[in-house]
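Note sheet for the following structure.
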């Protein structure tokens, strides 16, 4: 199993790549929902392991870097983005958090459209538009003043705010009619058509030649006020927006004030029914606490306000034919069935492939090759096969056989030929050739070199990409065969950097059995389990030859973890790489197995939340684990204790809901002291 640090590194790299394509290149490579899914997964892991949060994490930023072609603008007040809700349950949870934090039985909300465009900040001083900037990374944006001056719906002067230093925030977008006209012009001139109005608007606003922007017919709607000095503003968001509209700044007509969660959901449904008739694209609605004083009381998380949320719309659908099912191998070895489709236009793009998720989903939906299927996409999700359409007019059409992934692949990975396996509690089949499989190569190397594994300093994502792409490294064992000549041939790799890397690789030869076991990247074997295995067996060969019963004698090793190890060591490719590593000089001290003593907190599960004042989260976790406890990232009925520090959030709420025992930091310290 990939450890949390490695998964965080992978997610950050993926998110930054997608953000760069979206915000900088105006050429998104994944739908919004895939970006949202990666972002939410990263948020969840970082919430469970705050010691792994670094200053360059995408969760501490908003959007992407500004283009160097434009002057950079430092926002005087940050332009934060919104967290997303995708279900009614998530909206109800949002409302419940607001009510609990405010003590208000029925909260008043301002509700409005979520435009599918580009967020900008308009700065007015003494009533004149003096600067316009994109959101950028939330703190620093791009100066696109001259381009924004060409947007006719943006007032160049606000006479009613002549004495103010004022920021109006809103969205630049392109109406559907203007988008269709632009694409017709693009095609007529032999240029590439834009994918959707959002991309057209973003690309048009960020033209170096403002005359091009002027010809693109962009529009603007305000959704809020940032900094405001020298002018008295109303105390509610809806009143502020009415004032903005009176100044002559465009505000969408479809907005209102509602009470409670039912009012939120009624507005969502109403807008959903009107969505197809609107003259511009939206991808959801936005809910904001209306009272600005209450907004200030609720405050912010690192990248988003607590008092607002975006409720995204579900995907759009279209029907086509499933012509085949292929199997893709992911970076972690998971096998994903992919539908090959007769091309169909849905959600703004032509779709030829769609995910089928896993074999269980295929069987649940009874999807077969040759079927007519409904494909769901919109801007919100990865294209997926939603359901099969059985047309009665076709009579008793002979359908193909039910899909069987194992039989289709003859039990072998389509990339490397290693055996595939599936744990009893998992939906996905996986390749067992983790150290050998080319599809998993980069991830295996990053995990192997990680700080808590072999600790090869300097071997990061970009260098691994170069080493693999240049065919210099195929398995971890190849790292120990690298020489100066090969390294200095790589882009941006000087002699000093190469020497430092070779020194780090050399130092990593002297390691511990626990680190080596963890570095192998065996699924479901984390750092703590690797330590337990090393202590229990004392020698790697004894671990490799252990059967299921022997493995399950190790603390916290159950059938799933044991089967993962059996599968891993049963694969000849993995054993060959381990032997090559040993031959390359990787070594550790081996000794007699050590019996595991009973510890005071054995069998107890803890969850840490909030900020601790006397201990770091990592120190608290280490102290608990040293006493035999298991530290989890989420609260469930199986949780024994939740340790709540300052500013505890939803985990504390969940603990109270499930009536899990809650400890203060002082109580935790006493518990650790007693068990030491």
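Among the residues of region 81-106, those that are outside any helix (DSSP H, G or I), touching a strand residue (DSSP E or B) at 6+ places or on another chain (Cβ under 6 Å) and surrounded by 15 or more Cβ atoms within 10 Å (Cβ to Cβ) comprise 82, 83, 84, 85, 86. Residue 564 falls short on exactly one of the conditions (1) in contact (Cβ under 8 Å) with a residue 40 or more places away in the chain; (2) surrounded by 14 or more Cβ atoms within 10 Å (Cβ to Cβ); (3) in a loop (DSSP other than H, G, I, E, B), and that condition is (3).
As a summary of the residue check, residue 549 satisfies the conditions (1) exposed (fewer than 14 other Cβ atoms within 10 Å of the Cβ); (2) touching a residue at least 40 places away in the same chain (Cβ under 8 Å); (3) part of a helix (DSSP H, G or I) except for the one numbered (2).
Residue by residue, here is whether (1) touching a residue at least 24 places away in the same chain (Cβ under 8 Å); (2) within 30 Å of residue 317 (Cβ to Cβ); (3) assigned by TED's automatic domain parsing to the domain that holds residue 143 holds:
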position	(1), (2), (3)
198	yes, yes, yes
212	no, no, yes
231	yes, no, yes
255	yes, yes, yes
270	no, yes, yes
282	yes, yes, yes
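On the basis of being in contact with a helix residue (DSSP H, G or I) (Cβ under 7 Å, 6 or more places away or on another chain), modelled with pLDDT of 90 or more and not assigned by TED's automatic domain parsing to the domain that holds residue 198, does residue 341 make the cut? It is false that residue 341 is in contact with a helix residue (DSSP H, G or I) (Cβ under 7 Å, 6 or more places away or on another chain), modelled with pLDDT of 90 or more and not assigned by TED's automatic domain parsing to the domain that holds residue 198. Each residue in region 454-471 was checked for being surrounded by 14 or more Cβ atoms within 10 Å (Cβ to Cβ) and without any contact (Cβ under 8 Å) to a residue 24 or more places away in the chain, and 3 of them qualify. Quickly run through region 138-184 and pick out the residues that are within 31 Å of the chain's Cα centre (by Cα) and assigned to a loop (DSSP other than H, G, I, E, B). Within region 138-184, 138, 139, 144, 174, 175 qualify.
Condition check: surrounded by fewer than 22 Cβ atoms within 10 Å (Cβ to Cβ), assigned by TED's automatic domain parsing to the domain that holds residue 232, more than 30 Å from residue 621 (Cβ to Cβ) and more than 29 Å from the chain's Cα centre (by Cα). Does residue 116 satisfy that?
Working: surrounded by fewer than 22 Cβ atoms within 10 Å (Cβ to Cβ): yes; assigned by TED's automatic domain parsing to the domain that holds residue 232: yes; more than 30 Å from residue 621 (Cβ to Cβ): yes; more than 29 Å from the chain's Cα centre (by Cα): no.
No: the conditions fail for residue 116.
Is it the case, given these coordinates, that residue 510 is at negative phi and touching a helix residue (DSSP H, G or I) at 6+ places or on another chain (Cβ under 9 Å)? The answer is no for residue 510.
Just one of the listed residues (281, 276) is touching a helix residue (DSSP H, G or I) at 6+ places or on another chain (Cβ under 8 Å), at pLDDT below 90 and more than 21 Å from residue 93 (Cβ to Cβ), and it is 281.
Annotation: residue 132 fulfils all but one of (1) over 29 Å from residue 278 (Cβ atoms); (2) without any contact (Cβ under 8 Å) to a residue 40 or more places away in the chain; (3) under 34 Å from the mean Cα position of the chain (by Cα); the unmet one is (1). Filtering region 527-546 to residues that are closer than 21 Å to residue 599 by Cα and in a helix (DSSP H, G or I) leaves 527, 528, 529, 530, 531, 532, 533, 534, 535, 536, 537. Taken together, 477, 486, 498 contain a single residue that is closer than 20 Å to residue 436 by Cα, in a helix (DSSP H, G or I) and in the same structural domain as residue 580 (by TED's automatic domain parsing), which is 477. Somewhere in region 285-301, is a residue under 30 Å from residue 181 (Cα atoms) and out of contact with any strand residue (DSSP E or B) (no Cβ under 8 Å at 6 or more places or on another chain)? Looking for residues that are under 30 Å from residue 181 (Cα atoms) and out of contact with any strand residue (DSSP E or B) (no Cβ under 8 Å at 6 or more places or on another chain), one finds none in region 285-301, hence no. The requirement of being closer than 21 Å to residue 432 by Cβ, at pLDDT 90 or above and not in a loop (DSSP other than H, G, I, E, B) is fulfilled somewhere in region 386-405, by at least one residue. Scanning region 152-168 for residues that are surrounded by 21 or more Cβ atoms within 10 Å (Cβ to Cβ), modelled with pLDDT under 90 and closer than 13 Å to residue 220 by Cα returns a single hit, 154. Scanning region 107-116 for residues that are farther than 20 Å from residue 32 by Cα and not in a strand (DSSP E or B) yields a single hit, 107.
The values are calculated or read from the model by the stated rules, or taken from the named source; none is laboratory data. Keep in mind it's a predicted model, so treat the numbers as computed, not measured. Cβ coordinates were reconstructed from backbone atoms using ideal geometry, including for glycine residues, and neighbour counts include every protein chain displayed.
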